[in-house]
Amino acid sequence: MRTFTVEHDDVTLHVTRGGTGRPLVFCPGLNVSQEDLAGLLTALRRDFDVVAFDLSGHGRSTPGPFTVEGFYADLVAVMDAVDLDAPVLMGYSLGADLAVRYAAAHPVGALVVVDGANPLPEPFITEEYLPQFREIFGDPDVLRLNMEVDEVRLQILDRWRRISAPVTLVTSTAIAGEDGPERHNALWLDGFDRLMREIPGITATRLPGDHGLVFAHADAIARIVREDVG
């Protein structure tokens, strides 16, 4: 395992690289670090040369703008620094949205999307549900960022249409959990169905459970990635 840093715009990103096989860059989601994702990253490194990093303000990376643009700049900086030839690009949650944006504008060898980048028919966070989400997130910056992500997902089909690389999609059956708000699970399924209709050729798997599938199904996700793009 090699550890190094990537710097951009006064941000220092903590990056690791290890494993053998086809190069794969992993973009994490909001409020998770490489340490949190150790089970999945370890499983992926059995078959891939994995580059992983902490988003700015996460793990061992220094803080940066707490915005979708700021986190996208993190991904671009890492991709520029490692300068790999047609790597697999894999993202989870917010990281999936960032990976789709990158793959829509840059060549990648394959794209793996895990429980994110879903073309929602309407936002999760509406006026009706705003008090509930304020209580869930607590931090107003986290609430604001999630509202920003909602806006990205309302328009994300345009980015999906510009992707030419093979796509593997892994998504949860109930993003909010079986006991979570029925509306949120229904919106997620509607977005998945819309993506399957409008973007042909995606290899898709739905895994039982909620948004924590990267923890509950780490080995299964690594196996899916290995079988599809390894």
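Throughout, read-outs are computed from the coordinates displayed, never taken from laboratory work. Quantities reported herein were computed from a predicted structural model and do not represent experimental measurements. Methodologically, a virtual Cβ is constructed for each residue, glycine included, from the backbone with ideal geometry; neighbour enumeration extends over all protein chains shown.
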Starting from the 7 Å offset along Cα-to-Cβ, what nm value, one decimal, do you get for the label separation of Leu154 and Arg60?
4.0 nm
Antiparallel DSSP bridges in the chain: what percent, to the nearest 5?
30 percent
May I ask you to order 200-212, 103-115 by the average number of other C-beta atoms within 10 Å around their residues, highest value first?
103-115, 200-212
Length gained when the stretch Ala38-Phe133 is fully extended (0.36 nm per residue, less Cα-Cα span):
31.4 nm
Just how far, in whole angstrom, is the range 1-49 from the range 98-142 if you go by their alpha carbon centroids?
21 Å
Give the residue from Thr42, Tyr102, Val11 lying farthest towards the positive end of the charge dipole for the chain; charges sit on Cβ (+1 for Lys and Arg, -1 for Asp and Glu) and the dipole is referred to the Cα centre.
Thr42
Quick one: net charge of Ile136's neighbours, Cβ under 15 Å, K/R +1, D/E -1?
-4
What GluC sites (Glu not before Pro) does the range 91-147 have in DSSP loop regions with at most 13 other beta carbons within 10 Å?
Glu127, Glu128
Mind ordering 217-228, 138-149, 82-93 by average Cβ neighbours within 10 Å, highest first?
82-93, 217-228, 138-149
Between Arg46 and Met147, what FRET efficiency comes out of the Förster formula 1/(1 + (r/R0)^6) with R0 = 35 Å and r the beta carbon distance, rounded to 0.05?
0.40
Extension reserve of the Thr5-Val82 stretch, reckoned as 0.36 nm per residue once the Cα distance is removed
26.6 nm
Between Arg162 and Glu122, what FRET efficiency comes out of the Förster formula 1/(1 + (r/R0)^6) with R0 = 35 Å and r the beta carbon distance, rounded to 0.05?
0.90
